[in-house]
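Heads up: the structure comes next, in structure tokens.
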Amino acid sequence: MPTLAQSSPCKSSPSHALDSPAALGFLEAEIQRIAQLAVVADPAAPVPGCPDWTLADVVRHVGRFQQVTADLVENLVQRQPRSLDVAEPVRVEEYGQWFSAGGAHLMQVLRDADPEATMFSWSGVPKVSFWIRRALHEATVHRLDIERAADRVEPVDPAVAVDGVDEFLENLPFLGQFNRAVRDLHGDGETIHLHATDLDGHSLDGEWLITLEPHGFRWSHAHVKGAAAVRGTVTDLLLFVYGRKRADDPALTVFGDSSLLTHWSSKTAF
């Protein structure tokens with residue numbers, strides 16, 4: 001688990017998070033979808049965007065995350081634990097039932113918790129609400145991983161996808177101690193513009209401007225031309241920032257300095 005890292009000194013856009021009740025509703029749907037796929041999809045299928053991982057590996061990973069998160073929140077852990085015990089099945093055939101049980105327990109724990117309660121997190125939000133939001137986007141991105149492996153992708157709800165990009169950008173500066181490359185993510189004012197083409201005219205703000213600076217980066221929702229730009233659906237942009245789709249993916253349209261996008265992706269890959 002990441003340690004608490006120092007945030008970039010650059011100021012960024014304020015949080016555009018879904019409220020916790022809405023996030024919990026979306027999370028439950030994502031958990032149910034993964035559980036369904038864990039039963040019917042080929043567990044040995046390779047996962048696009050996750051080298052060396054199979055569908056079963058992703059289900060196992062998210063299942064472990066569910067158990068860890070439930071334990072942290074249920075006990076309102078105040079400091080980063082040194083180790084965490086996770087029980088998991090031996091046989092791949094049991095993953096579906098194991099995942100469903102863990103997901104149900106997580107949902108109960110999160111619904112019983114006060115989102116504003118103070119607890120450990122590795123971000124700048126030391127509250128239960130951080131883990132609710134993190135659980136949603138962990139499940140959403142890995143649900144897409146599994147669906148891409150099973151060749152049956154369903155788009156992400158636009159509100160979740162926009163918040164997913166926001167959350168990624170908000171959390172990224174805190175991951176420098178976990179991923180050394182993040183500490184090298186800086187520049188001299190270069191800008192990257194992300195534009196969700198399916199949200200033009202929508203009440204949701206589907207544009208982001210990322211500015212690389214000497215000590216990190218800042219970002220905001222802005223309709224401003226960047227030195228490099230990536231256009232696509234908001235689901236595809238979510239997959240792009242998470243490294244699941246490269247800038248040369250046919251689903252994305254790129255303008256400007258492609259080397260800048262390569263630099264960004266190389267420093268933010270997990």
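The values are calculated or read from the model by the stated rules, or taken from the named source; none is laboratory data. Predicted, not measured: the structure shown is a model, and the values here were computed from it. Don't worry about glycine lacking a Cβ; one is built from the backbone with ideal geometry, like all the others, and counts go over all protein chains shown. Calculation scope for accessible area: heavy atoms of the full protein, side chains included, ligands and nucleic acids excluded. Shrake-Rupley method; radii C 1.70, N 1.55, O 1.52, S 1.80 Å.
Points worth noting:
- Test: Val68 is open to solvent by 20 Å² or more (accessible area, probe 1.4 Å) and not in a helix (DSSP H, G or I): no
- All conditions in (1) exposed (fewer than 13 other Cβ atoms within 10 Å of the Cβ); (2) at pLDDT 95 or above; (3) in a helix (DSSP H, G or I) hold for Glu94, with the sole exception of (2).
- Those residues of region 226-251 which are in contact (Cβ under 8 Å) with a residue 40 or more places away in the chain, under 14 Å from the mean Cα position of the chain (by Cα) and open to solvent by 10 Å² or more (accessible area, probe 1.4 Å), in sequence order: Thr235, Tyr242, Gly243, Arg244, Lys245
- Meets criteria (assigned to a loop (DSSP other than H, G, I, E, B) and on the phi < 0 side of the Ramachandran plot) for His193: no
- The set of residues in region 39-61 that are more than 16 Å from the chain's Cα centre (by Cα), modelled with pLDDT of 95 or more, aliphatic (A, V, I, L, M) and not in a loop (DSSP other than H, G, I, E, B) comprises Leu55, Ala56.
- Out of Leu239, Leu252, Leu212, Leu199, one residue alone is touching a helix residue (DSSP H, G or I) at 6+ places or on another chain (Cβ under 9 Å), more than 24 Å from Glu154 (Cβ to Cβ) and of a type in the set (A, V, I, L, M). It is Leu212.
- Boolean, Gln78 is outside any helix (DSSP H, G or I) and surrounded by fewer than 19 Cβ atoms within 10 Å (Cβ to Cβ): yes
- Residue selected from region 164-194 under the condition over 18 Å from the mean Cα position of the chain (by Cα) and among the charged types (D, E, K, R), by the criterion surrounded by the most Cβ atoms within 10 Å (Cβ to Cβ): Glu190
- Screening region 131-155 for residues that are under 18 Å from Pro21 (Cα atoms) and open to solvent by 10 Å² or more (accessible area, probe 1.4 Å) and picking the one that is farthest from the chain's Cα centre (by Cα) gives Arg133.
- Test result for Glu88, of a type in the set (Asp, Glu), open to solvent by 50 Å² or more (accessible area, probe 1.4 Å) and either touching a Pro at 6+ places or on another chain (Cβ under 7 Å) or in contact (Cβ under 8 Å) with a residue 24 or more places away in the chain (or both): yes
- For region 214-244, a residue qualifies if it is assigned to a loop (DSSP other than H, G, I, E, B) and under 24 Å from Gly201 (Cβ atoms), and the qualifying residues are His221, Ala222, His223, Val224, Lys225, Gly226, Thr233.
- Unmet criterion (only one of (1) open to solvent by 20 Å² or more (accessible area, probe 1.4 Å); (2) over 28 Å from Ser129 (Cβ atoms); (3) in contact with a Phe, Trp or Tyr (Cβ under 7 Å, 6 or more places away or on another chain)) for Asp200: (3)
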